[in-house]
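Remarks on the structure that follows.
The values are calculated or read from the model by the stated rules, or taken from the named source; none is laboratory data. Model, not experiment: these values are computed from the prediction. FYI the Cβ positions are ideal-geometry reconstructions off the backbone, even for glycines, and counts take in every protein chain you see.
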Amino acid sequence: MIDLRLLREDPDRVRASQRARGEDVELVDALLSADERRRSSGVRFDELRSEQKALGKLIPKASPDERAELLKRAEQLKADVKAADAAQDEADAEAKSLMLQIGNIVHEDAPVGGEEDFVVLETHGTIRDFGAEGFEPKDHLELGEKLGAIDMERGAKVSGSRFYYLTGVGALLELALVNAAIAQATEAGFIPMLTPALVRPRAMEGTGFLGQAAENVYHLEKDDYYLVGTSEVPLAAYHMDEIIDAEKLPLRYAGFSPCYRREAGTYGKDTRGIFRVHQFDKVEMFSYVDPADAEAEHRRLLDWEKQWLTALELPFQVIDVATGDLGASASRKFDCEAWIPTQGKYRELTSASNCNGFQARRLSVRMRDTRDGKKVLQPLSTLNGTLCAVPRTIVAILENHQLADGSVRVPEVLRPYLGGREVLEPVAK
């Protein structure tokens, strides 16, 4: 959640952030009002309680005539204290509810606008000219079926649309990608993590996925658990309600988990193949850092993603995501988009988000530091970066490294994890 001190001292900045996100600006004034009521009712409660305690000391010493009047006042005070306490609780609940509806303050350098208003920061690699090579590129599903790697038909039979099986070399390719990604992350200093796929409501809410993103979350109502859409959720909640000494930072984790997304609102989009699916596996980087190092860490996460896509020999571009396309918890986000030949455009493969103290405040993750010889507690900063979302990465590999006969060249970085295979060959029918 946002810093209440910022809201009180610079509400115009919060309003501007809400406006840039395309979100409700009136929430800011509603929160200011609730916050003021909470504080004033708290002062009123304290004053009444103080008077009540003072009166309690007078009653035993009072004369019979005075005691009757004091007891009458005590009864009224009891009712007033109860009312003030209820008013404080009501204002506090309203303020907390409103706080959870306001997104993180957008970074001043993030481009303002909607989904299409991103800014291209860099372009890497060379897009193949298949025409010059003398053949028309096949899409990933046709290639995957010829390789015996993807089975959409049986996925739909068993689980419905947007489900799939990875079979044969498809399954091996996923395992190779995951192992190579974890190897890179471990070498960079990340601690490998296998994380829960089911989390309690506080973990999901604390990371910002029960606001604007709630429609894409699977909820198991009977047990009140949520299926995670990314291991960012259990990684962010890993240190929930903890205090971390500043000298232990940064803490970096690389989580591997299944991910589940309802893909609400995407009817008719990317319905062919495995680009947009309900269940997939992913390797996610997550960092806990000193707030002073958050922007530098954001660039580091992006550099590790660029290193990964370069190792996979994929042409890609880096974009600065526009404010209206940011998730609630992100202050700024960089996406790496790989070129998909049969679509003739770049599509998102990885993203890196700086959440500052937004998630840490919600999850009560604090940093203990020393200033002027005194111990100080403050929210730290959290950041996340996708290293390998498996199905989309397979899409990009199959399409960009395909050969004229339907086989697919294996990027060098993956060969040790595929038994030395240099080429994936079509299977005989």
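Which residue, of L301, L309, L314, is assigned by TED's automatic domain parsing to the domain that holds R366 and part of a loop (DSSP other than H, G, I, E, B)?
L314
What are the residue pairs meeting all of these: first residue in segment 22-40, first residue without any contact (Cβ under 8 Å) to a residue 40 or more places away in the chain and closer than 24 Å to E115 by Cβ, second residue surrounded by 15 or more Cβ atoms within 10 Å (Cβ to Cβ) and basic (K, R), Cβ atoms under 9 Å, and 6 or more apart or on different chains?
V25/R15; V25/R19
Please name all residue pairs, on different chains or six or more residues apart, with Cβ atoms under 8 Å, provided the first residue is in segment 335-355 and is assigned to a strand (DSSP E or B) and the second residue is of a type in the set (D, E) and surrounded by fewer than 20 Cβ atoms within 10 Å (Cβ to Cβ).
Every condition considered, the pairs that remain are D335/E348; C336/E348; E337/E348; N354/E295.
Filtering segment 296-312 down to residues that are surrounded by fewer than 18 Cβ atoms within 10 Å (Cβ to Cβ) and not β-branched (V, I, T), which residue is farthest from R371 (Cα to Cα)? Before you say what the answer is, go through the steps one by one.
Restricting attention to segment 296-312, the residues satisfying the condition of being surrounded by fewer than 18 Cβ atoms within 10 Å (Cβ to Cβ) are 296, 299, 303, 307, 310-311.
Then drop every residue that is not not β-branched (V, I, T), which leaves 296, 299, 303, 307, 311.
Values: A296: 22, R299: 27, D303: 32, Q307: 37, A311: 43 Å.
Among residues in segment 296-312 that are surrounded by fewer than 18 Cβ atoms within 10 Å (Cβ to Cβ) and not β-branched (V, I, T), the one farthest from R371 (Cα to Cα) is A311.
Determine which member of the set R368, R361, R421 is over 17 Å from A181 (Cα atoms) and either part of a strand (DSSP E or B) or touching a His at 6+ places or on another chain (Cβ under 8 Å) (or both). Talk me through it step by step, then tell me what you get.
Numbers: R361 fails: either part of a strand (DSSP E or B) or touching a His at 6+ places or on another chain (Cβ under 8 Å) (or both); R421 fails: either part of a strand (DSSP E or B) or touching a His at 6+ places or on another chain (Cβ under 8 Å) (or both).
Sole residue among the options that is over 17 Å from A181 (Cα atoms) and either part of a strand (DSSP E or B) or touching a His at 6+ places or on another chain (Cβ under 8 Å) (or both): R368.
Before we move on, is S17 under 23 Å from D80 (Cα atoms), part of a helix (DSSP H, G or I) and hydroxyl-bearing (S, T, Y)?
So S17 does not fit the description; no.
Would you check which residues across segment 143-158 are under 31 Å from the mean Cα position of the chain (by Cα), in contact (Cβ under 8 Å) with a residue 60 or more places away in the chain and part of a helix (DSSP H, G or I) and list them?
Step one: of segment 143-158, the residues under 31 Å from the mean Cα position of the chain (by Cα) are 144, 149-152, 155-156, 158.
From what's left, in contact (Cβ under 8 Å) with a residue 60 or more places away in the chain: 144, 149-150, 152.
Passing the criteria: G144, M152.
Taking D293 as the residue in question, decide whether it is farther than 20 Å from D117 by Cβ, without any contact (Cβ under 8 Å) to a residue 12 or more places away in the chain and of a type outside the set (A, V, I, L, M). Walk me through how you get there before you give the answer.
Details: farther than 20 Å from D117 by Cβ: yes; without any contact (Cβ under 8 Å) to a residue 12 or more places away in the chain: no; of a type outside the set (A, V, I, L, M): yes.
It is false that D293 is farther than 20 Å from D117 by Cβ, without any contact (Cβ under 8 Å) to a residue 12 or more places away in the chain and of a type outside the set (A, V, I, L, M).
For segment 175-190, name all the residues that are within 19 Å of the chain's Cα centre (by Cα) and not in a loop (DSSP other than H, G, I, E, B). Step through it out loud before you land on a result.
Of segment 175-190, the ones within 19 Å of the chain's Cα centre (by Cα) are 185, 190.
The one that is within 19 Å of the chain's Cα centre (by Cα) and not in a loop (DSSP other than H, G, I, E, B): A185.
Evaluate the following for L172: is it within 19 Å of I394 (Cβ to Cβ) and either assigned to a loop (DSSP other than H, G, I, E, B) or out of contact with any strand residue (DSSP E or B) (no Cβ under 7 Å at 6 or more places or on another chain) (or both)? Give the steps one after another, and end with the answer.
On the way: within 19 Å of I394 (Cβ to Cβ): yes; either assigned to a loop (DSSP other than H, G, I, E, B) or out of contact with any strand residue (DSSP E or B) (no Cβ under 7 Å at 6 or more places or on another chain) (or both): yes.
Taking the combined requirement at face value, the residue satisfies it.
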